[in-house]
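Have a look at the structure below before the remarks.
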């Protein structure tokens, strides 16, 4: 094993290099903060003044379950908010049109479902713009609600959405249905955590489809009114 000795001068140079590195990292962070200040605040829920609740369904796959989900929502006279990715809308224009025709709200879920935090400010804007165009082409809907993939919300992500004229939507109740748990688990997660103004995050999965009638009926019996996200947040 070869042992490398550092002289006092070498040590000083190494220390200076480390200090310079820290300064560069800190200044870069400060620059990002100054360019993309956290002025845009995402919505997690409504104000809770009324016993309303919303179902936010993020869609990038699972289209085989959506027709039956629409039937369940129609049966219980519930309007949900579907956040579509641009690539999904391009591949499933008829289904996107069916969602819109049923009176459900449609939001923007970015184009490729890439990590927004890992993308630049300009790349986030491009993802939102491409999705807006795809949804408009598919079903003639102009979107103004944005659900960032994976709920990622760094300052430059929020700023990009804000500069595109969007309100960023997150959630206060998570079904975690993408893990495909038993429907009873999803039912318990939602009914036990429901609260006035809640936004419930879901995806088109078979367990969600099976749990949906019980969730809707149970909370309606508890006095909740299911509304789309924009109505829950009183957005105009």
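What pairs come up if the first residue lies in segment 86-103 and is touching a residue at least 60 places away in the same chain (Cβ under 8 Å), the second is loosely packed, with under 15 Cβ neighbours inside 10 Å, and their beta carbons are under 9 Å apart, counting only those six or more places apart or on different chains?
From segment 86-103, no pairs qualify.
Is it true that residue 196 is touching a residue at least 40 places away in the same chain (Cβ under 8 Å), assigned by TED's automatic domain parsing to the domain that holds residue 67 and surrounded by fewer than 21 Cβ atoms within 10 Å (Cβ to Cβ)? Walk me through it before giving the result.
On the way: touching a residue at least 40 places away in the same chain (Cβ under 8 Å): yes; assigned by TED's automatic domain parsing to the domain that holds residue 67: yes; surrounded by fewer than 21 Cβ atoms within 10 Å (Cβ to Cβ): yes.
Taking the combined requirement at face value, the residue satisfies it.
Would it be correct to say that residue 175 is at pLDDT 95 or above, in the same structural domain as residue 59 (by TED's automatic domain parsing) and closer than 22 Å to residue 63 by Cα?
Numbers: at pLDDT 95 or above: yes; in the same structural domain as residue 59 (by TED's automatic domain parsing): yes; closer than 22 Å to residue 63 by Cα: yes.
For residue 175, the condition - at pLDDT 95 or above, in the same structural domain as residue 59 (by TED's automatic domain parsing) and closer than 22 Å to residue 63 by Cα - is met.
Any residue in segment 64-79 that is in contact with a strand residue (DSSP E or B) (Cβ under 6 Å, 6 or more places away or on another chain) and touching a residue at least 40 places away in the same chain (Cβ under 8 Å)? I'd like the intermediate steps shown before the answer.
Taking segment 64-79 first, the residues in contact with a strand residue (DSSP E or B) (Cβ under 6 Å, 6 or more places away or on another chain) are 78.
Checking the rest, the ones that are also touching a residue at least 40 places away in the same chain (Cβ under 8 Å) come to 78.
There is at least one residue in segment 64-79 that is in contact with a strand residue (DSSP E or B) (Cβ under 6 Å, 6 or more places away or on another chain) and touching a residue at least 40 places away in the same chain (Cβ under 8 Å).
With the checklist (1) on the phi > 0 side of the Ramachandran plot; (2) in contact with a helix residue (DSSP H, G or I) (Cβ under 7 Å, 6 or more places away or on another chain) in hand, flag the one item residue 165 doesn't pass.
(2)
Do you know which of the residues in segment 157-168 that are under 14 Å from residue 116 (Cα atoms) and touching a strand residue (DSSP E or B) at 6+ places or on another chain (Cβ under 7 Å) is surrounded by the most Cβ atoms within 10 Å (Cβ to Cβ)?
For segment 157-168, the residue satisfying everything is 161.
Taking the residues in segment 199-221 that are free of Cβ contacts under 8 Å to residues at least 60 places away in the same chain and touching a helix residue (DSSP H, G or I) at 6+ places or on another chain (Cβ under 8 Å) as candidates, determine which candidate is nearest to residue 42 (Cα to Cα).
The residue in question is 215.
Please count how many residues of segment 212-234 are surrounded by 15 or more Cβ atoms within 10 Å (Cβ to Cβ) and outside any strand (DSSP E or B).
Going through segment 212-234 one residue at a time, the tally reaches 15.
The values are calculated or read from the model by the stated rules, or taken from the named source; none is laboratory data. Treat the numbers as computed from the prediction; the structure is a model and nothing was measured. With ideal geometry, Cβ positions are generated from the backbone for all residues, glycine too; neighbour counts draw on all protein chains shown.
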